[in-house]
Structures are given as C-alpha cells and as structure tokens.
1. Kindly check whether there is at least one residue in region 224-233 that is of a type in the set (Val, Ile, Thr), over 29 Å from Glu79 (Cβ atoms) and touching a residue at least 40 places away in the same chain (Cβ under 8 Å).
2. With region 192-282 as the region, which helices (runs of 4 or more DSSP H) entirely inside it contain at least 3 residues that are at pLDDT 85 or above and among the small types (Gly, Ala, Ser)?
3. From Ala187, Ala101, grab the single residue that is over 20 Å from Val75 (Cα atoms) and within 19 Å of the chain's Cα centre (by Cα).
Amino acid sequence: MHLNEKQARRWHSAAWQVTIAVVALLALATVLVACAPVTAPAGEAAATETAATEVATEAPAEETTAAPAEEIAMVGDPERGGYIFAVTTGCGCHFNRDLAAPAGGNKFEGPFGVVYASNITSDAETGIGTWSETDIVNALRLGVRPDGSQLHPIMPYMAYSNLADQDAYDLAAALKMVPPVVNAVPASELAAAPAPFAPANPPPATAPTEGVERGAYIVAVANCGRCHTPRGENGAPDMARFLAGAPMQDTIAPNLTPHESSSISFLTEAEIASFLLTGVYD
C-alpha cells in the first residue's frame with residue numbers, strides 16, 4: 001500500500017488535502033467516530049518513568065528510553081513523510097471539519113477531564129509553526145512539548161513511540177509543510193497532571209520492511225488501537241487488552257484479535273486486505 005513518488009509529491013503540494021482524502025476513505029472504518037467526544041471507562045494510569053542505568057562492567061549498558069531526543073544530524077523528508085502521514089490516517093483526531101485542516105479543537109471528555117486536540121498546522125501563533133523537527137518527534141514519541149510539559153495520554157504518542165527514527169523525522173518534516181491555519185484551541189481541563197511516559201522499548205533506527213514485523217509496525221503507526229483498544233480512567237489505552245474491541249458512542253469497535261469470539265478470526269488474509277483497501281466486507 002506504499003504511495004509512489006508522484007502521489008507523494010501531490011500531497012507535498014497540498015498537504016491538507018491528504019487529510020480530507022484519508023478521513024473520507026476510512027469513514028467506514030470509523031476513524032471519524034474516534035474524533036467525536038469520548039467517554040472512557042475506569043482504570044489506573046499506567047505510564048511510568050524509566051531511569052537510565054549505566055553499568056561500568058563488561059556487560060552491555062542498559063538503554064535509555066525515556067529521554068527526549070536531542071537535536072541530531074537527521075533531516076526529515078517531507079515527501080516521504082506524506083506517506084507516513086497517510087498511514088496515520090491523516091492524524092484524524094486533529095482534523096477540524098469546519099476548517100478542513102488538522103487545526104485541532106476536537107473535544108475529548110472522560111473522568112480525566114476535558115482534552116482538546118491541538119492545532120498541528122504550521123501556524124506560528126496557534127499551531128506548531130515554531131517547533132523544530134526534533135520538538136515534533138519528541139511530542140510524537142514521548143508526548144513532551146518543547147517546554148517540557150507532558151501531553152495527555154489520550155493523545156496517541158504511546159502508539160507512535162515505536163516510530164523509527166527516520167520515519168519520525170520524515171513525519172515531522174511533513175507536518176511542518178501543512179499550510180498554516182489560525183485556530184486557537186482551548187486549554188485542556190484535567191483532573192490530574194499526566195504522568196511522564198517512558199516507552200517499553202527504544203524505537204528502531206529503521207522501520208521493518210517485510211513480514212509480520214512490518215505489519216505490526218503499520219498497525220502501531222496507523223493507531224488501530226485508538227478505536228479498537230479499551231481505555232482506562234485517565235484516557236490511556238489498556239494495552240493488556242490491545243485491539244480487543246471498545247465502546248464508541250452508540251456502537252462497538254470490534255475485536256481485532258484472533259480470539260475465537262472475534263469476527264476477524266475466520267477471515268483470510270486476502271479478505272482482511274480487501275476490506276482495508278475498499279472498506280467493503282461480507
């Protein structure tokens with residue numbers, strides 16, 4: 001499902017149109033439903049902070065996973081980032097239908113309080129126009145703003161924490177190319193400050209390119225769990241029930257695991273692929 005270079009250039013020249021196309025394409029997959037107000041079930045926040053440990057022995061040192069990335073000699077490719085942007089369903093939770101752009105403002109409510117999806121266009125005053133690529137990468141993978149404050153875990157940085165280094169910088173470069181749209185989003189009203197997030201594993205330097213590993217990577221980057229994984233009281237996904245199905249307004253995002261109770265369990269790979277490509281199923 002890779003986009004060719006011609007398609008990527010088309011996105012590069014009109015980045016916001018990709019968002020509209022992707023959201024429309026995935027309407028049958030309930031992507032837009034996920035952008036509506038959300039009521040989360042009860043649960044405890046699971047995010048914890050991991051300290052890096054360096055052992056001065058012959059044994060390998062433990063890896064640091066929670067520290068924000070520093071400015072490094074990595075430059076994102078906005079054209080390739082257009083493909084990553086599309087895989088993420090156009091960052092649909094940030095898509096503002098009235099403004100036809102990822103200008104934020106969608107409201108998410110639950111026991112955790114109220115969270116508003118931020119403006120991720122390149123507007124310097126109300127969006128992320130002043131953020132560096134590294135700033136965007138840290139927000140994507142760790143939920144950390146440039147000022148060091150923590151984003152709420154209802155935002156999908158847990159899903160994007162495994163973005164490969166180059167993919168993360170490519171996506172950041174693409175987001176910086178999104179035309180600026182002025183939209184001042186209200187401040188979130190939280191019951192408690194969000195806990196710092198430390199990913200379980202460091203992100204790969206490069207993304208897997210084939211097989212089950214590639215599929216698992218795309219499932220994570222596409223954030224299928226946004227709709228199909230139950231959430232706790234703080235709005236964070238319950239990873240112990242990853243893709244096990246979740247309530248969404250007056251419907252249910254189905255169980256996508258291979259458990260025998262799941263509708264997907266008796267579908268062939270070809271049938272699943274056909275549905276993903278067309279939105280049509282028997």
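1. No: zero hits.
2. Output list reads 211-221, 269-278.
3. Details: Ala187 fails: within 19 Å of the chain's Cα centre (by Cα).
Criteria check complete, one pass: Ala101.
The values are calculated or read from the model by the stated rules, or taken from the named source; none is laboratory data. As the structure is a prediction and not an experimental result, all values here were calculated from the model. So basically every Cβ, Gly included, is an ideal-geometry build from the backbone, and we count neighbours across all protein chains shown.
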